Amino acid sequence: MYVCICRAVTENEVHDCIAAGAKSARQIRDTTGAGGDCARCVRKICAILKRSEDLMATA
């Protein structure tokens, strides 16, 4: 599923960035470009980051 339509960034690509150590939407933007155009995807990226943090906290 696409997270960022403008840059054709998928949810898997965002998860890969998080797995590689990204901790913020800005870091994901710097790697993938997601959020660099219209920024409509930033909320979705932040939600993915939050879910990831929650999963790591319970692990």
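What size of dipole, in debye to the nearest 20, comes out for the chain about its Cα centre when the only charges are +1 on Lys and Arg C-beta atoms and -1 on Asp and Glu C-beta atoms? Don't skip to the end; give the middle numbers.
Values: 9 positive and 7 negative charges, 48 e Å.
Around 240 debye, computed over the chain.
Taking a probe of 1.4 Å, how large is the accessible area per residue of the chain, in Å²?
On the way: 4130 Å² over 59 residues.
The answer is 70 Å² per residue.
Tell me, what does the Kirkwood hydrodynamic radius of the chain come to in angstroms if you use every pair of distinct C-alpha atoms? It would help to have the intermediate numbers written out before the result.
Working: mean 1/r = 0.0897 Å⁻¹.
Its Kirkwood hydrodynamic radius stands at 11.2 Å.
Could you pull out every Cys in the chain that lacks a partner Cys with its beta carbon under 4.7 Å away?
Those would be 6, 17, 38, 46, since no other cysteine Cβ in the chain comes under 4.7 Å of theirs.
List every residue whose amide H lies under 5 Å from the amide H of residue 3, counting only residues 5 or more places away in sequence or on a different chain, with H placed 1.01 Å from N in the peptide plane.
Here the answer is 9, 10, 11, since their amide H atoms fall under 5 Å of that of residue 3.
State, as an integer percentage, the relative contact order of the chain based on alpha-carbon contacts under 8 Å between residues 6 or more apart. Display every interim value, and only then the final one.
Working: 55 pairs, mean separation 19.7, N = 59.
Worked out over the chain, it gives 33 percent.
Sum up the charges of everything whose Cβ sits under 14 Å from the Cβ of residue 6, counting Lys and Arg as +1 and Asp and Glu as -1, but leave residue 6 out.
Values: positive: 7, 29, 40, 44; negative: 13, 37.
Local net charge: +2.
Name the helices (complete DSSP H segments) of the chain with a Cα length along the long axis of 15 Å or more and a Kyte-Doolittle mean of at least 0.0, or state none.
Details: long enough: 42-58 (24 Å, 0.21).
Helices passing the filter in the chain: 42-58.
The values are calculated or read from the model by the stated rules, or taken from the named source; none is laboratory data. All values derive from a computational prediction rather than experimental measurement. Backbone-built Cβ (ideal geometry, glycine too); neighbour counts: all protein chains shown. In case anyone asks, the SASA skips ligands and DNA or RNA and just uses the protein heavy atoms, side chains included. Shrake-Rupley method; radii C 1.70, N 1.55, O 1.52, S 1.80 Å.
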